[in-house]
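These notes are about the structure you will find just below.
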Amino acid sequence: MLQTFNEKNRDLLININGDLIHRDQAGISPFDSAVQGGDAVWEGLRVYAGRVFKLREHLDRLRSSAQALAFTQIPTNEQLTDEIRKTLEANNMYDGVHIRLTLTRGVKITSGMDPRLNQAGPTLIVLAEHKAPVYRSAVGDKGLSLVTASTRRFPPDCLDPKIHHCNLIQSILAKIEANNAGADDAIMLDKQGFLAETNATHVFIVSGEGEPTLLTSRLVACPEGVTRSTVLDLCRANSIDFAERDISMTEVYRAREVFTTGTMGELAWVGKVDGRTIADGTRGPLTERLSTLYQELTAREGEQLVTQ
């Protein structure tokens, strides 16, 4: 799975600290903390018919991550929302849009990792692109293909995954393994060998005989996911049985269904893991039902920021 350039994005205006700059001229200082050490937090948001889905949840997580990293200045949700709206309006964007929201610790007075060198306040970057859910073209009739990566997810006592930070080297290393194996993404395990997540998404499996049980990993070595939480809320609202617990790869291989979740890709079904076909290799009924419920939810919920 390789994303391609969208001609609609050729003349994007990027919002950097409130200034709208053409994508070809946009840039941040080499003294910025994101450049110096990946010292930044981020969120991915999606726009449906002018509405940003789960906006408050995403902004709360961004600010919570910045607080965990001891940022001395953090914009309010209202300030962040204003800059998102400003960016969408400047680019005449309404639907089929993905937003990458990045907040860095800001510019340092001199090169170095010490946060006390940051005395200018944070840097806010709002990057909005015309981008459909990225897994749709990859899924096709065969579903996603995943491989298990050798790179493990950190436990909370090494680097707490609840901090949605911009140091994505672990994920990039796992993605390289997936690329080399000809797969779409890589499953990442925790230090005990249980399923954590993929390099970019959360994972759900359907297990059990008779009435299916939806399983997903505990929030130990994987981050809090807004789409993941939405799926669990849909389960509660529609009497779908689920559990959050440790999942071994044996359970993944023999699952009745497997799918991934994430803002950028929504719900995407998995056809193969480590070369093994999942069940009969077709999209399962529970995956189909939850995908429909999710699409219905995005069609009616969200905070309206722009109109046509």
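Data overview
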{"quantity": "Cα long-axis angle, helix 226-237 against the chain (0 to 90 degrees, to the nearest 10)", "calculated": "50 degrees"}
{"quantity": "Distance (nanometres) between label positions extended 7 Å along Cα→Cβ at Glu57 and Glu224", "calculated": "1.1 nm"}
{"quantity": "Principal-axis tilt of helix 169-180 within the chain, Cα atoms, nearest 10 degrees", "calculated": "50 degrees"}
{"quantity": "Within the range 165-232, GluC sites (Glu not before Pro) in DSSP loop having at most 16 other beta-carbon neighbours inside 10 Å", "calculated": "Glu209, Glu224"}
{"quantity": "Mean Cβ count within 10 Å, highest first, over the residues of peptides 117-125, 243-251", "calculated": "117-125, 243-251"}
{"quantity": "Anisotropy class of the range 136-299 from Cα gyration tensor, a/c 1.5 cut", "calculated": "rounded"}
{"quantity": "Euclidean distance of C-alpha centroids, the range 232-308 and the range 1-65, integer Å", "calculated": "26 Å"}
{"quantity": "Between 0 and 90°, nearest 10: helix 55-68 axis offset from the chain longest Cα axis", "calculated": "70 degrees"}
{"quantity": "Ordering of 280-292, 87-99 by burial proxy (mean other Cβ atoms within 10 Å per residue, highest first)", "calculated": "87-99, 280-292"}
{"quantity": "Spin-label zone in the range 143-159 - amide nitrogen under 19 Å from a point set 7 Å from the Cα of Leu2 along the C-beta vector", "calculated": "144-147"}
{"quantity": "Antiparallel bridges, percent of DSSP beta bridges restricted to the chain (to nearest 5)", "calculated": "85 percent"}
{"quantity": "Computed lengthening from Glu301 to Glu251, 0.36 nm per intervening residue step minus Cα-Cα distance", "calculated": "14.6 nm"}
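None of the figures in this text is laboratory data; all of them are computed from the coordinates on show. Note that the structure is predicted; figures quoted are calculated from it, not measured. Positions of Cβ are backbone-derived with ideal geometry, glycine not excepted, and every protein chain shown enters the neighbour counts.
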